[in-house]
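Visitor: What follows is a structure written as structure tokens; I'll ask about it next.
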Amino acid sequence: MTILKNKTILITGGTGSFGKAFVSLTLKKLKPKKIIIYSRDESKQWDMQENYKNNSKIKFIIGDIRDYVNLNNAMKGADFVVHAAATKIVPTAEINPFECIKTNINGSMNVINASINNNVKKVIALSTDKACNPVNLYGATKLAADKLFISGNLDKLKNNTYFSIVRYGNVIGSRGSVIPYFKSIAKKKTKIPITSLDMTRFIINLKQCVEFVWMAFDKMHGGEIFVKKIPSIKILDIANAISSK
């Protein structure tokens, strides 16, 4: 996997669960020239900087993908972009629909436009299984974002930037995972709420997520939605496993 070697990579939402894993593993295995971590959470950036003191390959920039001007400036010199920033929590999106749309749709448009403006070579956007036949706002906004990224490939007479998407399931240990949520309820000795006993979740870990993005960068020609074959588990089995501990 040499495509990222000696290249500059910008990752939006870089202080999230995926971002931290991506930065750590990419530095260790692929020897990039620089990784730009773009995120709006000052506290998370401060904590993450402690792990990369005196590392000249890491650059932290405070910013929101809603802010096109700042994002565009941050992207200068980037060869590749990983778009991981999003409003991800389903109930939060339902309660704050305007905010979810501003980040997941408008913010994604900014990432596309800034990437084209800065002649970024390749962009990978992180999607979710909830974008397939969405039944909630979060899934609907991610589906819209997917459509936007695919459309970024349509006019190659005007730009040379290629856009593709990777879709995941439930990332173990991430902020959006059902597992830490169930664990927090189990600690309170209360019943774990399950919407449907027939529901299943697709399970993937962070290392697999990062390796999947590497593969997508290597294989993409623009316009693909990469969907990893991963195991599924019944939501009831997850709840029983957690509550029995």
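Visitor: Mind telling me which of the residues Ile58, Ile105, Ile36 ends up being within 21 Å of Phe212 (Cα to Cα) and either acidic (Asp, Glu) or open to solvent by less than 40 Å² (accessible area, probe 1.4 Å) (or both)?
Guide: Exactly one residue qualifies, and that residue is Ile36.
Visitor: Turning to a different aspect of this structure: Tell me which residues, restricted to the range 62-92, are modelled with pLDDT of 95 or more, β-branched (Val, Ile, Thr) and open to solvent by 30 Å² or more (accessible area, probe 1.4 Å).
Guide: Across the range 62-92, the qualifying residues are Ile62, Val69.
Visitor: May I ask you to list pairs of residues, at least six apart or on different chains, whose Cβ atoms are under 9 Å apart, with the first in the range 130-141 being of a type in the set (Lys, Arg) and the second being modelled with pLDDT of 95 or more and part of a loop (DSSP other than H, G, I, E, B)?
Guide: Qualifying pairs under 9 Å: Lys130/Asn136.
Visitor: I've got another one for you. Output the residues belonging to the range 150-182 that are within 12 Å of the chain's Cα centre (by Cα), buried (at least 16 other Cβ atoms within 10 Å of the Cβ) and of a type outside the set (S, T, N, Q).
Guide: Selection gives Ile165, Val166, Arg167, Tyr168, Gly169, Val171, Gly176.
Visitor: Sticking with this one: With respect to Lys33, determine if the residue is basic (Lys, Arg) and touching a residue at least 60 places away in the same chain (Cβ under 8 Å).
Guide: Criteria not met by Lys33.
Visitor: Let me ask something else. Does Thr141 count as hydroxyl-bearing (Ser, Thr, Tyr) and either open to solvent by 40 Å² or more (accessible area, probe 1.4 Å) or part of a loop (DSSP other than H, G, I, E, B) (or both)?
Guide: No.
Visitor: Return the residue satisfying two criteria in turn: it lies in the range 2-33 and is hydroxyl-bearing (Ser, Thr, Tyr) and at pLDDT below 95, and of such residues it is least open to solvent (accessible area, probe 1.4 Å).
Guide: Here the answer is Ser17.
Visitor: Then there is this: Any idea which of Ile105, Ile124, Ile89 is of a type in the set (A, V, I, L, M) and either over 16 Å from Thr12 (Cα atoms) or without any contact (Cβ under 8 Å) to a residue 12 or more places away in the chain (or both)?
Guide: The unique qualifying residue is Ile89.
Visitor: Going through the range 141-178 one residue at a time, which ones are modelled with pLDDT under 80, among the β-branched types (Val, Ile, Thr) and over 23 Å from Met215 (Cβ atoms)?
Guide: Across the range 141-178, the qualifying residue is only Val178.
Visitor: May I pose another question? Select, from Ile89, Ile65, the only residue that is touching a strand residue (DSSP E or B) at 6+ places or on another chain (Cβ under 7 Å) and either among the β-branched types (Val, Ile, Thr) or closer than 30 Å to Gly222 by Cα (or both).
Guide: After applying the criteria, what remains is Ile65.
Visitor: Can you say whether Met199 is among the aliphatic types (A, V, I, L, M) and open to solvent by 60 Å² or more (accessible area, probe 1.4 Å), as far as the supplied structure shows?
Guide: yes
The values are calculated or read from the model by the stated rules, or taken from the named source; none is laboratory data. In this text the structure is predicted, and so the values were computed from the model without any measurement. Reconstructed Cβ throughout: ideal geometry from the backbone, glycine too, with neighbour counts over all protein chains shown. Areas reflect the complete protein model, heavy atoms only, side chains present, ligands, DNA and RNA absent. Shrake-Rupley method; radii C 1.70, N 1.55, O 1.52, S 1.80 Å.
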